[in-house]
Amino acid sequence: MIEFYLNGQPQKLDQTDPNLSILDWLRTKMRLCGTKEGCASGDCGACTVLLGSLDAQDQWQYVAMNSCIGLVGALHGKHLVTVDALQQEPAHPVQTAMVECNGSQCGFCTPGIVMSLVGLHQQVAGAGSSANAHQLMEALAGNLCRCTGYRPIVEAGARTLVDSVQQWDGNALFSPAASAEFKAASQQAAVLQDEAGNCFTAPLSLADLRAQLAANPQARLVAGSTDLALEITQQLKTLPQLISVEQVAELRALEQDEKNLTIGSALRYIEFGPLLTQYWPAFAPMLERLGSLQIRNRATLGGNIGNASPIGDMPPPLIALGAEVQLDGADGSRWLALEDFFLDYKKTALQPGEFIRAVRVAKPAANERLFIYKISKRLDDDISAVLAAFWLRLDGEQIADCRLAYGGMAGIPKRAPAAEAALRGQRFAEPAVKAAAAALAQDFTPMSDVRASAAYRQQVAGNLLLRALYEYRAPTSGGAALMVTDYA
C-alpha cells in the first residue's frame, strides 16, 4: 500500500498497476483532466504537477515534475498538487497575471505552464523573496507552448515572480497537516501490486535492497523514472517487477573529505548539483541544460550512469575527472573506475544482483582545469549530439597530464587516448591542440544519425579542443568551461 495526499486530501492505493503513470492515474482513475498529455516522454511540460515532500521541520517543500513519466508508486509519502486545485477564489496570482498578460491561449499547454510558475512562486514566496529573470526562464524552459506565446507568458511570470511576489490567500492548499499516522505510514516500505502480479516495492535500507535484488535479479531499479518510464509510455512495455531506490538512505548520502566528494546514486540533480559545482564550476551551465527543471527535480546520478546511454550528459565529465563508481550487491561493494564501467552499447560491468551505490569525484587542485561543452540543436531540454569534457593538469603552460572524454562519438562514453598522448607533455598552445584534434581520428569512428553526421561530429570534437584553448587564454574565463550550442 502507498499513502499520500492529492490536492490536500489523503489517499491510499493498494491493488494498482505499478506501471501506471501519475498522469494516467489522475486522468483515468480520479477524472482530474486539467493535467494534459502532450508527449508522454517528459519533453513538453503540459503534464507538469507539483510534488511535495516533508522536510525535517515537517514543512512541505515542492518541486515541479513531469507526471507523464512519474510512476504512481513515487507518490508514497508525498503531496501531489495539480492545476485542478487552483479553481477557487481568489485566483492564484500566476493565473491572474496569465489572463491579464494574454499568456493563456489554447489551454492545452497552459496548465503545465501555470504549474511551473506556481511552483516557482511557492518556492520564492515561502522564502520571503522574489525570483530573478534567470530563475524564471529556468522554470519555463521545460514547457513548450504550441501557440508560440512565450512573450506574454514570460511577462506574466515577471509580473508575479520578479517585479513583485504577491501572497495567495489559498496557500493552505500547500500545507495540509500531516497526521502522525500519515508520517508513520510514509516511513514504511511502499508496496504496490495488481491482480496480474506486477509489483512495485520501495525498500528502506541497503540491506533490504540487496536482499530484494538478490531474490529478483531481473527486477528493474527505478528512481526518478525519467528514462525508465519511456519503456512504458513509448514502447508500451509492462515492467513486471520494479524496485525503487528512492527511500534507501544509504543511496541518498552526500559526503566529502579533504580529497573527494562522494555522491549517493539516488540523489537528485537539484540535491547534489550545488555542491558539485562549488568545486567544479564547469558543471553549472551543463547541469542547467541537462533535461529541464522538471527532469532535474526527479532524475538521479545513478540513473544517468546506469542507463549507459552513449549520449548521457554526466559520464563524459565524470570520466574526465577520473571518477569512480561504487557497485554494491549481496556479496558486498566494490569500487571501479567509471571509464571501465561501460563495456559496450547499453552494456555495463554490473553483475546480476548489483546496483550503483555511489560515485566518487576528486576535488580540484589549484593547477587543474575542467572544460565541458554540450553541442545540441536546441539550448534547453535537448539531447547532446556531442558532449566533450577535458581535464587538464598544468605545469605553467605545459600540460602535465590530461583526460579527454566524449559522449556521442562511440557506442559508449569514452576517453580519447591518442589525442591525450598528443597533448601530454606539450605546451598548451595551438600546435599541440591541432595535433590532438587530428589524433581524434584514431580514437573515434562516429556514426551519423538524426542529431548529427559522422563528419560533423568528428569536426566539432576537434574544434572543441581549440575552444578550450581560447577560453583558457581569455582573461575572463579563469579556465572554467562555457557551454555552447551548435546546429548540426
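What does a probe at Arg393 reach in the stretch 339-361, counting residues whose amide N is under 19 Å from the point 7 Å along Cα→Cβ? Within reach of a label on Arg393, which here means backbone N under 19 Å from a point 7 Å along Cα→Cβ, the stretch 339-361 contributes 339-340, 360-361. Nonpolar atom fraction for the chain, defined as the carbon and sulfur part of the 1.4 Å probe accessible area, stands at 50 percent. Measuring only protein heavy atoms, the 1.4 Å probe finds Thr110 accessible over about 20 Å². Report the local net charge at Ile305: Lys and Arg +1, Asp and Glu -1, summed over other residues whose C-beta lies under 12 Å from its C-beta. Here the count lands on -3. Inter-label distance, Gln87 to Ser129: 3.6 nm, where each label sits 7 Å from its Cα along the C-beta direction. Net charge around Thr16, counting only other residues with Cβ within less than 15 Å of its Cβ (Lys, Arg = +1; Asp, Glu = -1)? Neighbour charge sum, excluding Thr16 itself: -3.
Separation of the stretch 193-208 from the stretch 160-191 is 26 Å, based on Cα centroids. The label-point distance for Thr96 and Thr148, in a model that sets each label 7 Å from Cα toward Cβ, rounds to 3.2 nm.
Model label sites at Glu195 and Ser53, defined 7 Å from Cα along the beta-carbon direction, differ in position by 3.5 nm. The simple Förster model, with R0 at 41 Å and r as the Cβ-Cβ distance, assigns Asp208 and Tyr345 a FRET efficiency of 0.80.
Take every DSSP beta bridge whose two residues both sit in the chain, then give the antiparallel share in percent to the nearest 5. Close to 90 percent. Straight-line cross-link partners of Lys347 among the aspartates and glutamates, defined as a Cα under 13 Å from its Cα and at least 8 positions apart when in the same chain: Glu339.
Between the stretch 92-128 and the stretch 17-75, what is the C-alpha centre distance in whole Å? So the separation of the two Cα centres works out to 17 Å. If you take the beta carbon distance between Leu275 and Thr238 as r and set R0 to 56 Å, what does 1/(1 + (r/R0)^6) give as a FRET efficiency, to the nearest 0.05? Computed FRET efficiency for Leu275 and Thr238 comes out at 0.90. Taking Lys and Arg as +1 and Asp and Glu as -1, the other residues whose beta-carbon sits under 9 Å from that of Glu250 total +1.
Remark: accessible surface ordering of Ser225, Ser179 (largest first) is Ser179, Ser225, probe radius 1.4 Å. Peptides 251-261, 73-83, ordered by how many other C-beta atoms sit within 10 Å of their residues on average, highest first, read 73-83, 251-261. Largest to smallest in accessible area, the residues Cys101, Cys147, Cys106 fall in the order Cys106, Cys147, Cys101 (1.4 Å probe, all protein chains included).
Bridges between two residues of the stretch 192-335, per DSSP, are antiparallel at a rate of about 60%.
The residues of the chain present an accessible area of 41 Å² per residue when probed at 1.4 Å with all protein chains retained. Remark: the Lys12-Ala365 segment gains 121.9 nm on full extension, using 0.36 nm per residue and subtracting the alpha carbon distance.
Helix 430-443 sits at what angle to the longest principal axis of the chain, using alpha carbons and giving 0 to 90 degrees rounded to 10? Approximately 70 degrees, to the nearest 10.
Note on the stretch 261-290 and the stretch 362-381: Cα centroid distance 11 Å, given to the nearest whole angstrom. Listed cross-link partners Lys36/Lys237; Lys78/Lys377; Lys377/Lys414 are compared with a 25 Å cut-off, the Cα-Cα value being larger for Lys78/Lys377. When the distances between all Cα atoms of the stretch 41-178 are binned every 10 Å from zero, what whole-number percent does each bin get? Calculated over all Cα pairs of the stretch 41-178, the distribution is 12, 45, 35, 8, 0 percent. Computed extension gain for Cys106 through Gln218, at 0.36 nm per residue and net of the alpha carbon distance, reaches 35.9 nm.
A Cβ-based charge dipole, computed about the Cα centre of the stretch 111-237 with Lys and Arg at +1 and Asp and Glu at -1, lands at about 200 debye.
The values are calculated or read from the model by the stated rules, or taken from the named source; none is laboratory data. Quick caveat, the model's predicted, so the values are computed rather than measured. Note that we place each Cβ from the backbone using ideal geometry, even for glycine, and neighbour counts take in every protein chain shown. Note: areas computed on protein heavy atoms with side chains; ligands, DNA, RNA excluded. Shrake-Rupley method; radii C 1.70, N 1.55, O 1.52, S 1.80 Å.
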